Amino acid sequence: MINVVIAELRKLRRPTLLLSTLLTVTLLSGLFTSIVFLRVGSKGGNGRRGETITAAELSHATGFLYGFKLVGTLLGLVALCVFASQTAQEYTYGTLRNLLVRQPSRMKILAGKFISMKLFAILMVLLAGVVTISLSYALAGHAKVNTSAWSSGTAMHLLAQSSLNIFLQTLSYGLFGMILGILFRSPISAIATGVIWSLILETILGAVLSGTAKWLPAANFSNIGEGGTLDVSYKHSLLISVIYLTVGSALVSFLFKRRDVAN
């Protein structure tokens, strides 16, 4: 399985994929962090859902994490696209048969793919964290934010906690994309379905049928990154996400193992 991981990492480090993905993460991280600090106190809002975040709020121990949390869901969507495309393209290009010649165990191939893409997700989260936190310090003076609380022990604890939550959120979206990739066997279909469901259909369902949002997969993935909210607890989102992903993984693992891969 180690050879499968190495082979998948070789594919993931292709400049067309690696550089474009990291550039996208960097730009999104910079954009959302800049909005928070350059529009601080704005009546038009500088936070999620139009909320206004003041300089006093940004001076708290959590202030340097606002941009990081804002970009969390978008990191998840990027992971969804990468995981889905890297899984489904084995069917599109007909390369799965070649992989099975070198590694007959389909489950080892699947596990190796997941491990390599999990490492890729870690890289994305680390990059987003470095960019958002660095930019937060750089823009703090312009926003008249006191950064003394940002280096406290509480701030470091919150940083570790938020990094873990955002990684779990990113990984959940990515695994969701991987499930769709195996299910549809087409990168375009898997990505389109995942993005439309996460961004559009869940929003409509949550608005039309009150109370459904806390039972929907993407909403719970995002809530993990938030660390939970007053409406939906962290433990609830973690449990619902595990159920969805476990059932989905079991289903596609069975399909991946039993399907004929001949063209």
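The values are calculated or read from the model by the stated rules, or taken from the named source; none is laboratory data. These numbers were taken from a predicted model, which means no experiment stands behind them. Positions of Cβ are generated from backbone atoms using ideal geometry, with glycine treated the same way; all protein chains shown enter the neighbour counts.
Some values worked out for this structure:
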| item | result |
| --- | --- |
| Residue in region 207-237 that is surrounded by the fewest Cβ atoms within 10 Å (Cβ to Cβ), counting only those that are touching a Leu at 6+ places or on another chain (Cβ under 7 Å) and without any contact (Cβ under 8 Å) to a residue 24 or more places away in the chain | 212 |
| Complete set of residues in region 1-44 that are of a type in the set (Lys, Arg), surrounded by 14 or more Cβ atoms within 10 Å (Cβ to Cβ) and either in a helix (DSSP H, G or I) or at pLDDT 90 or above (or both) | 11 |
| Residue satisfying condition, being within 15 Å of residue 87 (Cα to Cα) and at pLDDT 95 or above, within set 196, 191, 224, 243 | 191 |
| Test: residue 143 is in contact (Cβ under 8 Å) with a residue 40 or more places away in the chain, over 22 Å from residue 198 (Cα atoms) and not in a helix (DSSP H, G or I) | yes |
| Helices (runs of 4 or more DSSP H) (entirely within region 45-112) containing at least 3 residues that are within 18 Å of residue 139 (Cβ to Cβ) and under 19 Å from the mean Cα position of the chain (by Cα) | 66-70 |
| Matching residues, region 210-263, being closer than 22 Å to residue 111 by Cβ and of a type in the set (Lys, Arg) | 257, 258, 259 |
| For residue 170: the one exception among (1) surrounded by fewer than 17 Cβ atoms within 10 Å (Cβ to Cβ); (2) farther than 20 Å from residue 61 by Cα; (3) among the β-branched types (Val, Ile, Thr); (4) modelled with pLDDT of 95 or more | (1) |
| Among (1) closer than 24 Å to residue 84 by Cα; (2) modelled with pLDDT of 90 or more - the single one residue 258 does not satisfy | (2) |
